[in-house]
1. Quick one: angle between helix 136-148 and the longest Cα principal axis of the chain, in degrees between 0 and 90, rounded to 10, please.
2. Quick one: Debye curve from the alpha-carbon atoms of the range 210-390 only, equal weights, vacuum; give me log10 I(q)/I(0) at q = 0.14, 0.16, 0.19 Å⁻¹ to two decimals.
3. To the nearest 10 degrees, how steep is helix 83-96 against the longest Cα principal axis of the chain, on a 0 to 90 scale?
4. Provide the net charge surrounding residue 257, with neighbours chosen by a C-beta distance below 15 Å and charges set as Lys +1, Arg +1, Asp -1, Glu -1.
5. Using 0.36 nm per residue of separation minus the Cα-Cα distance, give me the extension gain between residue 80 and residue 62 in nm, one decimal.
6. Highest GNM mean-square fluctuation, the chain, Cα pairs closer than 10 Å: which of 383, 23, 253?
7. Once you list every other residue whose beta carbon is under 13 Å from the beta carbon of residue 220, what net charge do they have if Lys and Arg are +1 and Asp and Glu are -1?
8. Under the classification rounded if a/c is under 1.5, otherwise prolate if a/b is larger than b/c and oblate if not, where does the range 1-140 fall, given a ≥ b ≥ c as square roots of the Cα gyration tensor eigenvalues?
Amino acid sequence: MSGSRIAYLLTAFPTVSETFVEGEFRALMQRGLPIDLYSTRNFREIVHPSDREGDRGLEIQRSPYLFGWEIPQAALYFLLRRPLPTLGSLLAIVAGNAASPRYLAHALALFPKSLVFARRMQQRGTRHVHGTWAHYPATVAYTISRLLGISYSFTGHAGLDVLADQSFLAAKVKGARFVLTCQNATRASLGRLAPDSAAKIHTIHHGVALSQIPPPGTVPRAHPPEIVSVGRLTPEKGFLDLLQAASRMAQEGVEFRLRIFGTGPQGPALEREKDRLGLGRVVSFEGVAPHPEILQALARATIVTLASYPPPNLYMDGIANVLVEAMACGTPVVSTEYEGSRELLQGGHLGSLVPPRDPRLLAEALRGLLTDALRREELSRRGRERVERDFDRERGVDSVEALFRQIDKPAGNSI
């Protein structure tokens, strides 16, 4: 790379739902890659009190305000110096997103910010820009690439950015130097969308930093047994179904506690449902917690579970990082069945899979594991082996680093 700077485009920072992104770029920075961080939204999700003021020791290029002086200044600069790429990018974005008013509105709102980011990157000598999601960050990366004449890449995850709306996505895949995905199903979907570009789409699992995970057996299991679930409190995460399953087990006299970590708009409704079902002594909503505390909770748990289901907008999970982290801790998992969970759990051989939106079967799977110590021990061992083999972050970062270090070479030489 000969010192070429790489720009990482984030949706926001810090944010609880993107700790895997932070883990990736921190690991790359530790390896000496000159990475600059850009946040397309001026938003901080507070996990630790220090998050209110700082950026966890990082320098973040924040999004300009739409009515600030930077935007007209950058617009004038590129219209005078690079008129054809500037207007061509804008027209491509409008044409590519014309069938999706929602995406078009967001893309147009991001365009002036893209101009400012491009100017900052030009001044810093940026040679490559990477969008951390396939929707809006990738669109910004596409725009900056055309404005500056540099290469770009992006990561596609699952329903939120790949399946929910594929407007303009094929063009972004075709123009990218390379595309990363975190699961094989996403790679296949993008390959069908842009078959001529399939060879440059790479599946590289996010993985976990095994050095930060409590090794199996080092953290005592909780008593009474704990079932832990982590996620944003929104309908598609299935927490209402999980509460129904917990109610069934409580009525059957099963001894357990259910701890739910996360916040979100459905929080008040879930609290009311907990009270309606009489689960006050069994279920606790823990809110947002720092990542090390989440890892301790996963290690203490008897089971970690996710009850997500595919809503109409297709915002379905990919391979859920919390399940990977639980397996790394040696904690058995129960999940609803979808492409990501099937891939991670190898069709149910490494954990229990149940149909979405079925509290009865979810309760049966949870109860079955709670009462089968031998099964839990077997899943603990095999789950840890799976993570060590296929989800070690260091190995994944090896592959990502190799792709970035090829960016100054002709595209045909990329691995």
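Derivation of every value follows stated rules applied to the coordinates shown; laboratory data play no part. This structure is a prediction, so every number in the text was calculated from the model and none was measured. Cβ placement follows ideal geometry from the backbone for every residue including glycine, while neighbour counts extend to all protein chains displayed.
1. Tilt relative to the chain: about 20 degrees.
2. Debye curve over Cα of the range 210-390, log10 I(q)/I(0) at q = 0.14, 0.16, 0.19 Å⁻¹: -0.69, -0.92, -1.36.
3. 40 degrees
4. Details: positive: 221, 259, 274, 281, 300, 367; negative: 226, 255, 286.
Result for the neighbourhood of residue 257: +3.
5. Values: separation 18, 0.36 × 18 = 6.48 nm, distance 2.49 nm.
Taking residue 80 through residue 62 to full extension adds about 4.0 nm, to one decimal.
6. 253
7. Details: positive: 221, 300; negative: 226.
Counting the neighbours of residue 220, the net charge comes to +1.
8. Numbers: a/c = 1.72, a/b = 1.40, b/c = 1.23.
The shape class here is prolate.
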